[in-house]
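**Student:** Right, I'll just put the structure down here and ask away after.
What follows is calculated from the coordinates using simple rules that are stated; it is not laboratory data. These numbers were taken from a predicted model, which means no experiment stands behind them.
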Amino acid sequence: NTDDGNTILSSSDATTHLELILPRLRRAFWIGAGALIAVGLTFAFLFWLNSRTNEYVQKSQVVGRLSRESRTLTLDRESAIRGYLLTGQQISLAPEFAARDRLKVKLDSLIILSGDNPSQQDRARAIRAAVSRWDRGWAEPVLAAGSTTVARQAAQQDLAGKELFDSI
């Protein structure tokens, strides 16, 4: 002991004190390292989850855009054919011819993109089948009939085209 009340540790006391503190420090180090690893893994998981969510949202937006474009192209085709029936002018068919091939590509893309969702893919296939039925059942026969007045009048009175189109 010293006169001012401070205790001086001998070398054996310091070694004993170090032996008591060192395991506690090691334990604290490993607990801290484990906590840092847990925090890092949590951030990595959240980053992965966020990127997956963004991919899903972007894919959903693409599918929605393709659906809207397909609907617009389908409406363009029907409107063009009906315009042709009313006017008898070939120029009225320009939107129909422009939309025909693009519509097939859009519907095929829609089916491919919805491959991971069976119900969406079934709906996309049903839409493609309905468009094909409308093509075969009304659009192609009307276009094949030509612009004769009798053929146009018969097609105008035939509501099968409207019913087939409405099924799309």
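**Student:** List, in order, the whole-Hz ³J(HN,Hα) value for each residue of segment 43-58 obtained from phi through the Karplus relation with A = 6.51, B = -1.76, C = 1.60 and θ = phi - 60°; use x for Gly and Pro.
**Tutor:** With coefficients 6.51, -1.76 and 1.60, one gets 5, 4, 5, 5, 5, 4, 4, 5, 5, 5, 5, 4, 4, 5, 5, 5 Hz.
**Student:** Below 8 Å, C-alpha to C-alpha, sequence gap of six or more: please give me the relative contact order for segment 1-113 in percent.
**Tutor:** Working: 46 pairs, mean separation 23.6, N = 113.
With pairs under 8 Å counted, the relative contact order is 21 percent.
**Student:** Same structure, new question: Suppose a student asked you for the relative contact order of segment 38-96, using Cα pairs under 8 Å spaced at least 6 residues apart; what percent would you report? Working shown, then result.
**Tutor:** Numbers: 20 pairs, mean separation 13.4, N = 59.
Across segment 38-96, relative contact order equals 23 percent.
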